[in-house]
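*Asks:* Quick one: the structure is below, questions incoming.
The values are calculated or read from the model by the stated rules, or taken from the named source; none is laboratory data. Treat the numbers as computed from the prediction; the structure is a model and nothing was measured. Cβ sites come from the backbone with ideal geometry, for glycine too, and all protein chains shown count toward neighbours. These accessible areas exclude ligands, DNA and RNA; they are computed on the full protein's heavy atoms, side chains included. Shrake-Rupley method; radii C 1.70, N 1.55, O 1.52, S 1.80 Å.
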Amino acid sequence: MAGQCSYDLDPDATDVDLQFTAADLDENGHWSCPHEADDEFCIFHKSVDEKSSADVRRELLTQIQAAEEAERNRRPQFVGIRVAQLDISSQIVGSIGVPIDLRNGQIGHLTVERSVINSDVDLRGCEIDDAFNAERATFEGDVNMIGLQGGTVTGQGAQFKARLLMKAINVESLDFEQATFEGIIAVRFLEVEGETHLADADFHDRADFERSEFRQTVDAHNATFRRGVDFSETLFAGQTTFSNAVFEGDIWLSRALFEQSVDFDRVTFEEQFTLDEVTLRDSVSFNGAIFAKGVWMRATAFEHEMAFVDATFDGSVTFAESIFYDAVDFRDAVMRDGADFFGVRFSGETNFENAVFHDELDLSPAVGSDPPDGRINLCQSTIREGTLSLPEGAEIVYDLEEATLGKATIAAGEVAQPLEHYRLVNVTYDGFDFAKEVHRDAFQASEWNLHRTIFDESTSRNTQFFRTLPRRFGLFVQGPKEIEPHVLESTYLKAKNGANDIGDSIAASEFFQREKLFRRWKHRQTASERTLPGATRVRAAFSWGENLGFSLVSGYGERPLRVVFSSLFLIVVFSLIYNFITEGPFEEAGLGDHLLFSFQSFITFILGTPPEAAAFEIQALSSIQGFLGAFFIALFVFTLTRSIDR
């Protein structure tokens, strides 16, 4: 004789709040099974050994269909169901308002693969020993798995058109690859012992993974998060990848912990990306990432390598007061808004090679920055405006080889020779202000050097006048061995052109002289190269001598006093020559007479008057001196006019 099932559940004895309504409970506050039973328990609550899984499935579907067809005061409930396998695959099940209630169930294997579930599904407090397989299933209603415990959860290609609630569940693995979530997904306190797959998943609404624990790898490449996603206080114990993912809303990572490497390569962040009190115990890469509204990583400690190679920052970038203990790589990055690196401590390799800063850059390392070799690599970068400053006692060098400098400020800092902290080899100047006070002082202090740094042996300079005289006149010139002479010639040519572009004639003059100096070094190197043809070497040697002579007599047309001293030198030399000629009437003349005659001959508009019956050689020498004098007077007028113009 049939009677009611004896199964009774005390909600207070469960670990999960099953949220029964008052109508669901009896006077003792317990839930009692409403199903009929031939024995003590109904088919849903008999022990697994006393029934077949097929019978349980058949009865469950029958009960659900009956509830759809008739108005009932109490919805069908299968609370506490016990079954080895519940296979509802490839079915169309349920309807709106008729939930499938499997709360607190004990199920070995639950399968709804390729099914369409029109009802809400309630799996709160369930224990699924083996797996929950929802591959390619469609859920029209809410799916509530709060407190679920057990094996693997698979939802590859599944569609969740309403909410997915997975708070405080513990499973062996989680696979939602290519799944679509149209409603809110709330999975707080999720614990996944194995791998988590979210690749190609599409989250239409907010996804909340707050305080979850992923104990092995997390793969979310190509995933799309259309609203916000929250990973606050979440543990990522294995490798994590979000490569090629799209975050259209905010992403929260406050106080998250990443034990292994994190991959954000080629990710698109539509909102500002923020790392607030995040712990990163391995490398993080954002190579090729797009930050539509910038980055905020202020006062953050990065213990391992950070890579932003080829990243694009459309919004402002803030790393102020952060610490990079390992390498940081911004090669080929593009920063379209301001970039704030004020007070950042760099202790690893620092690379901004080929980066482009379209707006204000503040690169002001903190005291104690000590990158390897003391080098901050800005080679081939473009800096439109901003500041590259030096911390007190800095032992660092900004390497700007082949960079482009716009309206930037360099050499800012309390150091004796600030320019020796900037390697300005082959730099292109696009609006750079050489006349700014801090720049002019630095260039003058370093004698307008652009290539020598604190780490070069040539930096230690002798300050005694007579020992530095050959260098001051450019008699002996040679650049560092690692830089080819044509590169140094180009370095100062570009600096001269940059100074001319802004009308700074003083800087242009200084750089022009150094351009010619290193051109002479190039000629000398060519002349001494034995593998070259003889004619090439001879031409180079002639050019070297021509360059040297022009330097000595006029400082390449920039030093009028050198013309004066050269003229006086010639006058004295010719007077000595006249003094050694003792034949004829000159034998009675003294050195003073010879000096006066030499001076008169040099100034061609005052004719020199040799003694009567002067020898032919006297007249020839006087004519030669007159020719040289005219040349030097013209040269003096040229250099004087040029210096006044500058």
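*Asks:* Roll a 1.4 Å probe over the protein heavy atoms and report the accessible area of Met335 in Å², nearest 10.
*Replies:* The accessible area of Met335 comes to roughly 0 Å².
*Asks:* Averaging over every viewing direction, what projected area does the convex hull of the Cα atoms of region 1-115 cover, in nm²?
*Replies:* That works out to 8.0 nm², a quarter of the Cα hull's surface.
*Asks:* Keeping all protein chains in place and using 1.4 angstrom, which order do Asp101, Asp205 fall into by accessible surface area, from largest down?
*Replies:* Of Asp101, Asp205, the descending order of accessible area is Asp205, Asp101.
*Asks:* Can you give the percent of C-alpha pairs in region 78-196 whose distance is more than 16 Å?
*Replies:* 55
*Asks:* Can you tell me the orientation of helix 53-69 relative to the chain, as the angle in degrees between its alpha-carbon axis and the longest Cα principal axis, to the nearest 10?
*Replies:* 90
*Asks:* Please work out how much accessible surface Lys161 shows to a 1.4 Å probe, ignoring ligands, DNA and RNA, in Å² rounded to 10.
*Replies:* The value for Lys161 is about 80 Å².
*Asks:* Another one. Helix 485-501 against the longest principal axis of the chain: what's the angle in degrees, Cα atoms only, rounded to the nearest 10?
*Replies:* The helix 485-501 is inclined about 90 degrees to the chain.
*Asks:* Per residue of the chain, what 222 nm ellipticity follows from adding -39500 (n - 2.57) for every DSSP H run with n ≥ 4, rounded to the nearest 500?
*Replies:* When only DSSP H runs of four or more count, the value is -8000 deg cm²/dmol.
*Asks:* Over region 377-454, with every protein chain in place, what whole percent of the accessible area is carbon and sulfur at 1.4 Å, could you tell me?
*Replies:* 39
*Asks:* Would you please state the base-10 log of I(q)/I(0) at q = 0.10 1/Å for the chain, with intensities from the Debye formula using one equal scatterer on every alpha carbon?
*Replies:* For the chain at q = 0.10 Å⁻¹, log10 I(q)/I(0) is -0.95.
*Asks:* Then there is this: Peptides 566-575, 515-524: what's the order by average Cβ count within 10 Å, highest mean first?
*Replies:* Peptide ranking by packing, descending: 515-524, 566-575.
*Asks:* For region 318-379 and region 223-277, compute the distance between their C-alpha centroids and round to whole Å.
*Replies:* The distance from the Cα centre of region 318-379 to that of region 223-277 comes to 22 Å.
*Asks:* With no other cysteine's Cβ closer than 4.7 Å, which Cys residues of the chain count as lacking a disulfide-compatible partner?
*Replies:* Lone cysteines by the Cβ rule: Cys126, Cys379.
*Asks:* Tell me the chymotrypsin sites (Phe, Trp or Tyr not before Pro) within region 96-171 that lie in a loop according to DSSP and have at most 11 other beta-carbon atoms within 10 Å.
*Replies:* Those that pass, being in a loop and sparsely packed, number zero.
*Asks:* Order Arg423, Arg215, most accessible first, counting only protein heavy atoms with a 1.4 angstrom probe.
*Replies:* Reading off the accessible areas and sorting them downward yields Arg215, Arg423.
*Asks:* In region 254-330, carbon and sulfur make up what percent of the accessible area (probe 1.4 Å)?
*Replies:* 39
*Asks:* With a probe of 1.4 Å, find how much accessible area the chain has per residue, and write the answer as a whole number in Å².
*Replies:* 46
*Asks:* Could you tell me which of rounded, prolate or oblate describes region 77-121, using a ≥ b ≥ c as the square roots of the eigenvalues of the alpha-carbon gyration tensor, with rounded for a/c under 1.5 and, failing that, prolate when a/b is larger than b/c and oblate otherwise?
*Replies:* Oblate, because a/c is 1.5 or more while a/b does not exceed b/c.
*Asks:* Could I ask something else about it? For the pairs Lys167/Lys293; Lys51/Lys167; Lys407/Lys496, note any where the Cα-Cα span goes beyond 24 Å.
*Replies:* Lys167/Lys293; Lys51/Lys167
*Asks:* In sequence order, what are the phi-derived ³J(HN,Hα) couplings for region 159-170 according to the Karplus relation 6.51 cos²θ - 1.76 cosθ + 1.60 with θ = phi - 60°, rounded to whole Hz, with x for glycine and proline?
*Replies:* Running phi through 6.51 cos²θ - 1.76 cosθ + 1.60 with θ = phi - 60° gives 10, 10, 8, 10, 7, 10, 10, 10, 5, 6, 9, 10 Hz.
*Asks:* If I fit a long axis through the Cα atoms of helix 534-554 and take the longest principal axis of the Cα atoms of the chain, what angle between them do I get, 0 to 90°, rounded to 10?
*Replies:* Result, in degrees: 70.
*Asks:* To check you understand DSSP bridge types, tell me what percent of the beta bridges within the chain (both residues inside) are antiparallel, rounded to 5.
*Replies:* 5
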